[in-house]
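First comes the structure, then the notes that go with it.
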Amino acid sequence: MANKIRKGDLVEVISGATKENGGDRGKQGRVLEVLTDSDRVIVEGVNIVTKHVRVGQSERGSKEGGVEHHEAPIHVSNVAIVDPETKKPTRVGFREEEIEKNGVKKTVRVRYAKASGKDIPNEH
């Protein structure tokens, strides 16, 4: 399931509480990291958690600590790729295409949005 969503894809949260109820459903963001072992993704601006960091000394001697905010992982089933044409969440399909490069034909798998049929670009 995690191979349908890759780093750099624009995704939308499709489950959970709505924005009015303090949740993230409906928010869109870029995938920062894909955690394949646990089927989770880290999405920019989604599932923000607060972490209290103890004051310690850095290598230069400055004291660092306080409250940090960063993105926590969200399960891959709770996000959907955004269709490049309609800007709404869609399912992902794969199709085989032949590409000719320097006179050599090669077959590659291409991801496409099932709603519109448009190819999903590989953005890294």
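Just a few scattered comments:
- Of all residues in region 49-68, those being under 23 Å from residue 24 (Cβ atoms) and among the polar types (S, T, N, Q) number 1.
Residues checked against (1) within 21 Å of residue 119 (Cα to Cα); (2) touching a Ser or Thr at 6+ places or on another chain (Cβ under 9 Å):
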| position | (1), (2) |
| --- | --- |
| 16 | no, no |
| 41 | no, no |
| 45 | no, no |
| 65 | no, no |
| 69 | no, yes |
| 79 | yes, yes |
| 87 | yes, no |
| 91 | yes, no |
| 97 | yes, yes |
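- Among all positions in region 92-106, there is at least one residue which is touching a residue at least 40 places away in the same chain (Cβ under 8 Å) and within 22 Å of residue 122 (Cβ to Cβ).
Table: residues versus (1) surrounded by 15 or more Cβ atoms within 10 Å (Cβ to Cβ); (2) of a type outside the set (D, E, K, R); (3) at pLDDT 90 or above.
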position: 17; (1), (2), (3): no, yes, yes
position: 40; (1), (2), (3): yes, no, yes
position: 45; (1), (2), (3): no, yes, yes
position: 70; (1), (2), (3): no, yes, yes
position: 84; (1), (2), (3): yes, yes, no
position: 92; (1), (2), (3): yes, yes, yes
position: 98; (1), (2), (3): no, no, no
position: 111; (1), (2), (3): yes, no, yes
position: 114; (1), (2), (3): no, no, yes
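- Evaluation of residue 50 against (1) within 17 Å of residue 32 (Cβ to Cβ); (2) surrounded by fewer than 10 Cβ atoms within 10 Å (Cβ to Cβ); (3) polar (S, T, N, Q) (one fails), failing number: (1)
- First in region 37-58 and free of Cβ contacts under 8 Å to residues at least 60 places away in the same chain and of a type outside the set (A, V, I, L, M, F, W, C), second anywhere and part of a strand (DSSP E or B) and surrounded by fewer than 10 Cβ atoms within 10 Å (Cβ to Cβ), Cβ under 9 Å, 6 or more apart: 50/67; 50/69; 51/67; 51/69; 52/67; 56/63; 57/63
- Complete set of residues in region 3-15 that are exposed (fewer than 15 other Cβ atoms within 10 Å of the Cβ) and either over 18 Å from residue 70 (Cβ atoms) or touching a Phe, Trp or Tyr at 6+ places or on another chain (Cβ under 6 Å) (or both): 3, 8, 14, 15
- Any hit, region 72-81, residues being modelled with pLDDT of 90 or more and polar (S, T, N, Q): yes
The values are calculated or read from the model by the stated rules, or taken from the named source; none is laboratory data. Only a predicted model underlies this, so the values are computations on that prediction, with no experimental measurement involved. Here Cβ is always computed from backbone atoms with ideal geometry, including for glycine, and neighbour counts include all displayed protein chains.
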